[in-house]
Amino acid sequence: MSDLMPPEKTSLTIDIIATEIESEHLDRTVKVDAYVPGFLEKHQRPALLLINDGQDMATMNWIEVFREFLQRKGSIPLIAVAMHAGTDRKMEYGTAAVPDYLGRGAKAAAYTKFVFEELLPTIRLELGYPEFSEKVFAGFSLGGLSALDIVWAHPHEFTKVGVFSGSLWWRMLDQTEPEYDDDKHRIMHDLVRKGNYAPWLKFFFCTGTLDETNDRNGNGIIDSIDDTLGLMTELERKGYNRASDMYYLELPDGRHDVATWGKAMPVFLDWAFAG
């Protein structure tokens, strides 16, 4: 944490730096919004929060959520960067190693390359911060699956991940097929099983009790909660401690929408950056 005194509530400014990246990997222009607290100084090494689905940040009233967090916690050196999804969102987000059973996520590997080879160099250059104290990735729904996949596949680049109503149902076989099996065909769960334990990684999961109505196994628990708890079990089997390495937030009456994720965001920020 910075040794600067907490800024006065009335004086805390957040600069929004909008840029566009002509991505060769994605073959499109990617809009990016960086949120930089006015009290940051160039000699500092701020933490970096990357957020998928940056086009939803205004609906979430993100700048006020961010400002209120900084006002409560003091001068935490933190920059947030939100990447807008494109029209090919269902292809760019997903799991880079394995598309789903309909071929969605086919460009997820290209999106990963965009993050490391185009986004991060641009951020460092344009914002003037060549190094960050840590990098955290967050996302909502399919963007949450994308964030988790990128962090899991590149653990030495990140410390934490935030998954809000993540599309953890992402599967390699249609659930209507007779041979479909949750223990075999959910892609992210399988990637965790086959992956390596990185002891420094921490995981935040958020679901809402009204996220959806589907209950494919008929156990009385909606799929979004079931899939999230199942993924946490896989992380436990890999070696992570549910109490110290994971945070699970289940919002009563929470829905699969930006308003719900906005309510969860202050909890995530407190967990991720105020420890």
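The values are calculated or read from the model by the stated rules, or taken from the named source; none is laboratory data. Every value quoted in this text rests on a predicted model; they were computed, and no experiment measured them. Positions of Cβ are backbone-derived with ideal geometry, glycine not excepted, and every protein chain shown enters the neighbour counts. Each accessible area value is taken on the protein alone, full model and side chains, heavy atoms only, with ligands, DNA and RNA left out. Shrake-Rupley method; radii C 1.70, N 1.55, O 1.52, S 1.80 Å.
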As an exercise: evaluate Glu179 against (1) farther than 30 Å from Ile76 by Cα; (2) open to solvent by less than 60 Å² (accessible area, probe 1.4 Å) and give the number of the one condition it does not meet. (2)
Scan region 16-39 for residues that are more than 21 Å from the chain's Cα centre (by Cα), under 18 Å from Tyr129 (Cα atoms) and surrounded by 12 or more Cβ atoms within 10 Å (Cβ to Cβ) and jot them down. Phe39
Which residues, taken from region 105-145, are in a helix (DSSP H, G or I) and closer than 21 Å to Phe273 by Cβ? Val115, Leu119, Leu120, Ile123, Arg124, Leu127, Gly143, Gly144
Filter region 194-231 for residues that are at pLDDT 95 or above, part of a loop (DSSP other than H, G, I, E, B) and open to solvent by 70 Å² or more (accessible area, probe 1.4 Å) and give the result. Asn196, Tyr197, Trp200
Just to check your reading of the model, which residue among Glu92, Glu126 is under 17 Å from Ile21 (Cβ atoms) and crowded, with 16+ Cβ neighbours inside 10 Å? Glu92
Contacts under 9 angstrom Cβ, first residue in region 171-193 being assigned to a strand (DSSP E or B), partner of a type in the set (Gly, Ala, Ser), 6 or more apart: Arg186/Gly230
What about Ala85, is it open to solvent by 60 Å² or more (accessible area, probe 1.4 Å) and either modelled with pLDDT of 95 or more or farther than 14 Å from His25 by Cα (or both)? no
Test: residue in region 245-265 that is over 26 Å from Leu78 (Cβ atoms), modelled with pLDDT of 95 or more and exposed (fewer than 15 other Cβ atoms within 10 Å of the Cβ): yes
Just for region 157-176: of the residues that are open to solvent by 10 Å² or more (accessible area, probe 1.4 Å) and within 17 Å of Ala272 (Cα to Cα), which one is nearest to the chain's Cα centre (by Cα)? Lys160
Subset of region 116-156 [farther than 20 Å from Arg186 by Cβ and of a type in the set (D, E, K, R)]: Glu117, Glu118, Arg124, Glu126, Glu131, Glu134, Lys135
